[in-house]
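Worksheet: the structure to be examined is printed underneath.
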Amino acid sequence: MSNMGDLFEQRRRRHFVLLMKYWRLVFNDHFIIALFFLFGALAYTYAQMIAHVSPGQWWAKLFLTLWLGLIVHGGRLATLVEPADPVFLLPQTSSMINYFRRARYYSLIGGEAITILATVVVLPLAMATVKLTGFEVGEIIASMVLLKFAHLILAQRHLSLVANLTMLNVAGFGEPLVAQVITWWVSPTWGFVATIVMSIGHFAHLRVTEDADWAKAIRFERERMESVYRFFNLFTDVPQVQGKVKRRAWANGLINWLAKGNAWTFLYARGLVRNVELSGLIARLTALMMVVLFFVPLAWLNTALLVIGLYLIITQLTPLADHFEAKVFTHVYPFPPKERQAAFVKVATKVAVVVAVLLAVASLGVRLDWQRAGINLVVALIEGCLLTRYYLKTRIH
């Protein structure tokens, strides 16, 4: 037991160092500033919405049921199993239950943090809808903690050779929803009782003598890490995430529009589109900012978020300036350095125009505020021009 526990602790420390390396890149100064504005905007919008919610709203109960029933799946079981384990740890297969128990306790920390935070966020809506007492609020939080614990036990049971995956999947998705239906449509007390019964039942079925299914364990861990890497890839390049090259005929018009000019505009346009990490990052950030701007009703805050979002997106183009630096043949082109810089600015300006228009359209919001969208469009175009004509020139060489 101690040997398997030591093995997991070694992998846990190595895994923590890997995550911290990427988290430092994610939470940079620009992103922290954007988060302050984003959370402030969401909190203001949320407070305004709750003020107009009357008790007994059916849609609010339905939202609480789905939200708390699905948020349990946030934070998966991190086994840290490696592809070589079936070879080197095969003699220890029968004692892997101790390894997976450590993995469950390790995953419980982050999983419970996500679950409790998501529960606390919707409690103001719940109290405005159902008029909960302090004791019932405690029951709901305790119920969510037990549901997350039961979910991780189910995840551990998936790794058994004798596991019935169909039954476990049905229980994993169905039982949290059933518990929330009882909580919000019957009583929080009965929902808490149902959660206790479910958790005890799953823990009783966790057999300590079951052997591990290595194929499933490796597949589940690979899928979990792929989702983690895809998240980090939204903010920085992750070597483990490789884009797939595929010709898309519908993008020919966009590429031709970006590539108009000399040889360098052609190279920068093609380099931007073919660099799936860079173009994908810009596309995802643009889509995220469009969603945020669509749901923020306050005009001045909407414009401030647009300015910050456009800045974050356009600054991502900086690595494109040196994309061809390692190509020896580009240094013998009969073009002076100024033309190369001008070509980069031209391509960046076109990208800024497209992003500015998309963000301005998204700022129309639910109420279709054309005046706000027009002001945002003008502000975005001016900011895009300043960023590409002046700011980016100071960041490239």
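The values are calculated or read from the model by the stated rules, or taken from the named source; none is laboratory data. Note that the structure is predicted; figures quoted are calculated from it, not measured. Counting neighbours? That spans all protein chains shown, and the Cβs are built from the backbone with ideal geometry, glycine included. What goes into the accessible areas is simple: the full protein's heavy atoms, side chains included, and nothing from ligands, DNA or RNA. Shrake-Rupley method; radii C 1.70, N 1.55, O 1.52, S 1.80 Å.
For this structure, a couple of remarks:
- When the residues of region 89-123 are filtered to those that are closer than 21 Å to S160 by Cβ and open to solvent by 70 Å² or more (accessible area, probe 1.4 Å), the one that is nearest to the chain's Cα centre (by Cα) is Y105.
Yes or no, residue by residue, for (1) in contact with a Gly (Cβ under 7 Å, 6 or more places away or on another chain); (2) surrounded by 13 or more Cβ atoms within 10 Å (Cβ to Cβ); (3) closer than 30 Å to T79 by Cβ:
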| residue | (1), (2), (3) |
| --- | --- |
| V137 | no, yes, no |
| I141 | no, yes, yes |
| A155 | no, yes, yes |
| H158 | no, yes, yes |
| A163 | no, yes, yes |
| M167 | no, no, yes |
| V186 | no, no, no |
| V193 | no, yes, no |
| F203 | no, no, yes |
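- Among residues of region 360-389, those that are more than 16 Å from I313 (Cα to Cα), open to solvent by 80 Å² or more (accessible area, probe 1.4 Å) and not in a loop (DSSP other than H, G, I, E, B), counted: 5
- Residues of region 143-153 classified as over 13 Å from A194 (Cβ atoms) and open to solvent by 20 Å² or more (accessible area, probe 1.4 Å), total: 3
- Filtered by the rule that a residue be out of contact with any Phe, Trp or Tyr (no Cβ under 9 Å at 6 or more places or on another chain), farther than 16 Å from R270 by Cβ and either buried (at least 16 other Cβ atoms within 10 Å of the Cβ) or at pLDDT 75 or above (or both), region 310-337 gives L310, I313, Q316, T318.
- Number of positions in region 50-70 that are touching a residue at least 60 places away in the same chain (Cβ under 8 Å) and either surrounded by 12 or more Cβ atoms within 10 Å (Cβ to Cβ) or assigned to a helix (DSSP H, G or I) (or both): 12
- Taking (1) within 25 Å of W67 (Cβ to Cβ); (2) surrounded by fewer than 15 Cβ atoms within 10 Å (Cβ to Cβ) in turn, P176 satisfies each apart from (2).
- Region 94-123 residues that are polar (S, T, N, Q) and assigned to a helix (DSSP H, G or I), paired with ones that are open to solvent by 40 Å² or more (accessible area, probe 1.4 Å) and modelled with pLDDT of 90 or more (beta carbon under 7 Å, 6 or more apart): T115/V145; T119/I141
- Of the residues contained in region 13-32, none is found to be farther than 22 Å from V228 by Cα, open to solvent by 60 Å² or more (accessible area, probe 1.4 Å) and part of a helix (DSSP H, G or I).
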